[in-house]
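Here's the structure we're looking at; comments come further down.
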Amino acid sequence: MPNRRTRVPPPSGLRRVMFRAPLLLYRWHLGWLLGGRMLLLTHTGRTSGLPRQVVLEVTGRDPATGAYHLASGFGPSAQWYRNIRRTPHVTIQVGRRRMPAVAEPLGPEGSGRLMAIYALRHPRLARGLMRMCGLETDGSAEDYHRIGRDHIPFVRVLHDERPAPR
């Protein structure tokens, strides 16, 4: 099945408020309510050089390194994704734990593999992500792999021992 993508506009109105609610929880020091499934990513704006923040779903963890895996559901044009490609040194917060980190975009094959793993672990969430992103899938692991490879880049975020930039 071809992975057709329909253009999905950025969230607006009530949908935007819902998308921004997790960010408000973090700003009110209530990010711990989201558990380990959401992560606050503080990154540097590629044009302004100013700190920017986004809350993203943790799609997985690497048990060997402790790295967090994130998906850019709106593709490579998402602002946070474009910013970390320019400046990979970021700060992350999961619950109450805040740390400097390095964000590393994965290649197409790595993204495809992680998308297929995510869909296997969370089939309902994966279907919802596809609808939100305007993508169609037949639900097979192969199709999710293709979607990750062609449409949804993944990022590995690993704790960095160096202090985070200010």
Subset tally (residues that are assigned to a strand (DSSP E or B) and in contact with a strand residue (DSSP E or B) (Cβ under 7 Å, 6 or more places away or on another chain)) for the range 84-115: 14
Among what's in the range 16-60 and is of a type in the set (Ser, Thr, Tyr) and under 24 Å from Leu106 (Cβ atoms), pick the residue that is modelled with the lowest pLDDT. Thr59
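Only one of Tyr81, Tyr118 is in contact with a helix residue (DSSP H, G or I) (Cβ under 7 Å, 6 or more places away or on another chain) and not in a loop (DSSP other than H, G, I, E, B). Can you tell me which? Let's see the steps before the verdict.
Numbers: Tyr81 fails: in contact with a helix residue (DSSP H, G or I) (Cβ under 7 Å, 6 or more places away or on another chain).
That would be Tyr118, the only listed residue that is in contact with a helix residue (DSSP H, G or I) (Cβ under 7 Å, 6 or more places away or on another chain) and not in a loop (DSSP other than H, G, I, E, B).
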Quick one: Ala21 ticks every box in (1) in a helix (DSSP H, G or I); (2) touching a strand residue (DSSP E or B) at 6+ places or on another chain (Cβ under 8 Å) except a single one, so which number is it? (2)
Consider Pro63 carefully, then state whether it is modelled with pLDDT of 95 or more and either open to solvent by less than 10 Å² (accessible area, probe 1.4 Å) or over 19 Å from Tyr144 (Cβ atoms) (or both). no
Among the residues that make up the range 19-32, is at least one of them free of Cβ contacts under 8 Å to residues at least 40 places away in the same chain, of a type in the set (A, V, I, L, M, F, W, C) and open to solvent by less than 20 Å² (accessible area, probe 1.4 Å)? yes
Selection from the range 121-135 of residues that are under 29 Å from Trp28 (Cβ atoms), assigned to a helix (DSSP H, G or I) and of a type outside the set (Gly, Ala, Ser): Arg124, Leu125, Leu129, Met132, Cys133
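For the range 37-60, which positions are open to solvent by less than 30 Å² (accessible area, probe 1.4 Å) and either among the basic types (Lys, Arg) or in a strand (DSSP E or B) (or both)? Show your work before the answer.
At the first step, the residues of the range 37-60 found to be open to solvent by less than 30 Å² (accessible area, probe 1.4 Å) are 39-43, 45, 55-56, 58-60.
If the condition is that a residue be open to solvent by less than 30 Å² (accessible area, probe 1.4 Å) and either among the basic types (Lys, Arg) or in a strand (DSSP E or B) (or both), then Leu39, Leu40, Leu41, Thr42, His43, Val55, Leu56, Gly60 are the ones that fit.
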Residue match in the range 144-163 (condition: closer than 23 Å to Gly35 by Cβ, open to solvent by less than 30 Å² (accessible area, probe 1.4 Å) and among the hydroxyl-bearing types (Ser, Thr, Tyr)): no
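Restricting to the range 70-99, and then to whatever is of a type in the set (Ser, Thr, Tyr) and modelled with pLDDT of 95 or more, can you tell me which residue is most open to solvent (accessible area, probe 1.4 Å)?
Thr87
The values are calculated or read from the model by the stated rules, or taken from the named source; none is laboratory data. Everything numeric here is computed off the predicted structure, so don't read it as measured data. Positions of Cβ are backbone-derived with ideal geometry, glycine not excepted, and every protein chain shown enters the neighbour counts. Each accessible area value is taken on the protein alone, full model and side chains, heavy atoms only, with ligands, DNA and RNA left out. Shrake-Rupley method; radii C 1.70, N 1.55, O 1.52, S 1.80 Å.
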